[in-house]
Amino acid sequence: MRITLLLAVLSSTAVAQSPAPTPPAGYSGHGVGSVPPEVLARFAPPPLPPALSRKIQAMLDVRSPGAGVTSPDGRRLFFGWRVTGTSQIWRLDGPQRFPVQLTGGEDATGLAAVSPDGTFLVVQRDRAGEEYPGLYLLSPEGGALEPIQHEPRVQTFAEFVSHDSRWVYFRANDRKPDSFAIYRWDRKARVKETVFDRDGLWSVADHRPDGRLLLVRALGSAQNEIHEWDPARKVLTPVIGVGEKEEYDALYGFADGEVLVLTPRLGEFRRLYRLRAGKLDPITPDVRHDVSGFVVDDARRRIVYTVNEDGYTRLHALDARTFRPVKLPAFPPADHVYPFRFSDDGRFLTVWVDTGVAPSVGYVVDWKTGKAVQWQLPSAPEVDLSRFVRATLESYPARDGTPIPMFVRRPVSCVAPCPVVVEFHGGPEGQATPGFNPYAQLLVDAGFVVVEPNVRGSDGYGKTWFHADDGPRRLDIITDIEDASRFVRREWAVNGVAPKVAIVGGSYGGYSALIGMTMFAGAYDAGVAIVGISNLVTFLENTAPYRRALRVNEYGDPEKDRDALVKLSPVTYIDRLRAPLLIIQGANDPRVPAGEAIQVYDALNARKVAASLIIFPDEGHGSAKRGNQVLELGAMLQFLEQQLRR
């Protein structure tokens, strides 16, 4: 979700030297089966007043379609859209034509690929937010889904469709829960074949027409290796990253033996390189910003990449053979311009444009004509878009003097001093960015100033900033969370009266909210924690195996770093919490198990501290269904109104 004095002040030194009590005995497992039915019934979401529900429903009607993928001939666009309340797949038969809905129901469904011959779509479908998606085929005309694989407690993800449209390649952890094997499914025989099945979190980065695969082995949240697998010879050849702890993204280049690599290895910021004969040569300019992503067409004619300029996304293109800049068509002035997907022959590219003042829309670039055409029309019924507030880039000082970037949205008017909602992003490797945001506007319309910081550990500011919170080092910079409130109370006071301040967030942002309310008790007047970690030890013990392998290098090892994990766990400081807290959780969450929410609520309830818990039985890591989103946003708005206006 894109949502006065301090009573307790802890310096980073005090945190590091504080005792490390053992957290209370935890829970076991994740998923709805780990939560007793009576608990689900007790913490079911309460109904909302009709007026509040209507207000939120109106804002949720402001919807942006996904960028999508063209048909091979460029005459159709297939894309995802939440217009029914759940993500489904739609089709346009020409620019700004009436959209045709291809999938439906209550389960989120997403487009993975359009076959090179245009005869079928590959789609993903999840159930109740459990994050164990299945893989299906769908006719471009619609109709019933044809299953490839959808198994209980198994993640199945599409990789690509072969150039002859015969084989659908995918990965799944059906052999071991902490490893992904690579398979291919024969459309003619309706059977799957194993392509690669070594232990590890493997995925396909790219493929050559002769069957060679460029594979990624994830070692951590931002650590991976790149290998090439030759199925004909059964040979796995290291390409880059083996024996390192570095971040690499890679695609094949134009020439055989050439790989394009995105990495921060040779500098402070991510840059795009050509890897040839073991040597990295830069192909993008040396700027003090990250190259945040890139795509290459299968014909290896063009490279399109983005640069993250302080949270704003800028689009660039290169000739894939010469690496000379390629002129892009003009787009409207925008906060973000993202490339999405090339057509199979490389002629068409879908691009997503967020102007910051209206819902995002998709364009199709035709490289033959050099033009970009807007295909989609977003919806904003009965909503005046002119009242939406743009985010401004500002900063606040950490206690060591480091400027912490933050995006701020201010209401046109409010009773001074305006109450403030500080929302921390997830990840922790995420990044708060500007752009069109109906969820933030709900808070602005309610008269709240919305602040979204990018504390140390966030993406987009170089690798030193990115890795500042790895493992026990988090103890040194966790005070960035408290310093946001310090700044707001001091600098935004009116006539000596400091504003009331709440802390909210989802996932790691939910953890941040719990830390702000416990370790830094008194810094915030209220908190909303959505799918947040309350105990880093029990979290690592119970999160899904595929997640645990990626999280240990970010948070710390449960054995050797246990003391730091305890010191960094909100439950360790539960006795300090006095301000009201709202906890929201999905029962099916495989990332942050529901036990994380229940255990912190139980601890507060035992101490008779004001805390509320809502559990959605049919959601996972955040609310995906429209009805549940309304209840979640409504509960948060009611809570913030009650706590910040008293």
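Values in this text are rule-based calculations from the coordinates and carry no lab data. This one's a predicted model, so the numbers in the text were calculated from it and none came from an experiment. Positions of Cβ are backbone-derived with ideal geometry, glycine not excepted, and every protein chain shown enters the neighbour counts.
Computed across the chain, the Kirkwood hydrodynamic radius from all distinct Cα-Cα pairs reaches 25.7 Å. Averaging Cα coordinates gives a centre for the range 457-534 and one for the range 312-358; these two points are 35 Å apart. The amide H of residue 195, built 1.01 Å from its N in the peptide plane, has 182, 183, 184 as neighbours under 5 Å, considering only residues 5 or more places off or on other chains. Under the simplified labelling scheme, the residue 476-residue 490 pair shows an inter-label distance of 2.2 nm, with each label point 7 Å from Cα along Cα→Cβ. For the range 320-401, the Cβ-based charge dipole about the Cα centre amounts to some 480 debye (Lys, Arg positive; Asp, Glu negative; other atoms uncharged). Karplus-derived 3J(HN,Hα) values for the range 443-460, using 6.51 cos²θ - 1.76 cosθ + 1.60 with θ = phi - 60°, are 5, 4, 4, 7, x, 9, 7, 10, 10, 10, x, 10, 5, 4, x, 6, 7, x Hz; glycine and proline are entered as x.
Compute the FRET efficiency between residue 557 and residue 314 as 1/(1 + (r/R0)^6), taking r as their Cβ-Cβ distance and R0 = 35 Å, and round to the nearest 0.05.
After rounding, the FRET efficiency stands at 0.35.
Restricted to Cα atoms, the range 572-646 shows a radius of gyration and a Dmax of 13.2, 37 angstrom. Scanning residues 5 or more positions from residue 430 or on other chains, those with amide H under 5 Å from its amide H are 459, with H placed 1.01 Å from N in the peptide plane.
Between the beta carbons of residue 322 and residue 366, assuming R0 = 22 Å, the FRET efficiency works out to 0.55 to the nearest 0.05.
Relative to the current alpha-carbon distance between residue 144 and residue 255, full extension at 0.36 nm per residue lengthens the span by 35.8 nm.
Under 13 Å from a label point 7 Å along Cα→Cβ of residue 244: give me every residue in the range 274-313 with its amide N that close. Within reach of a label on residue 244: 274-276, 278-282. Toward the positive end of the charge dipole of the chain, with +1 on the Cβ of Lys and Arg and -1 on the Cβ of Asp and Glu, the farthest Cα among 444, 634, 373 is that of 373. For the chain, the mean residue ellipticity at 222 nm estimated from helices alone is -5000 deg cm²/dmol, where every DSSP H run of n ≥ 4 contributes -39500 (n - 2.57) and the total is divided by all residues, rounded to the nearest 500. Amide H to amide H, with H built 1.01 Å from N, residue 239 comes under 5 Å of 226, 227, 228, counting only residues 5 or more places away or on other chains.
Which length gain, in nm to one decimal place, applies between residue 400 and residue 193 when the Cα-Cα distance is subtracted from 0.36 nm times their residue separation?
Between residue 400 and residue 193, full extension yields 68.9 nm more.
Summarising the label geometry, the points placed 7 Å from Cα in the beta-carbon direction at residue 645 and residue 54 lie 1.8 nm from one another.
Here each label is just a point 7 Å from Cα along the line to Cβ, and for residue 497 and residue 166 those points are 7.6 nm apart.
Go through the range 236-345 and name the trypsin sites (Lys or Arg not before Pro) that are in a DSSP coil and have 15 or fewer other Cβ atoms within 10 Å of their Cβ.
Passing both the DSSP loop test and the Cβ count: 245, 288, 321, 327.
Full extension of the segment from residue 610 to residue 101, taken as 0.36 nm per residue of separation minus the current Cα-Cα distance, would add 178.7 nm.
For the range 284-296, the Karplus equation 6.51 cos²θ - 1.76 cosθ + 1.60, evaluated at θ = phi - 60°, returns couplings of 10, x, 8, 10, 8, 8, 7, 6, 8, x, 7, 9, 9 Hz by residue, with Gly and Pro reported as x.
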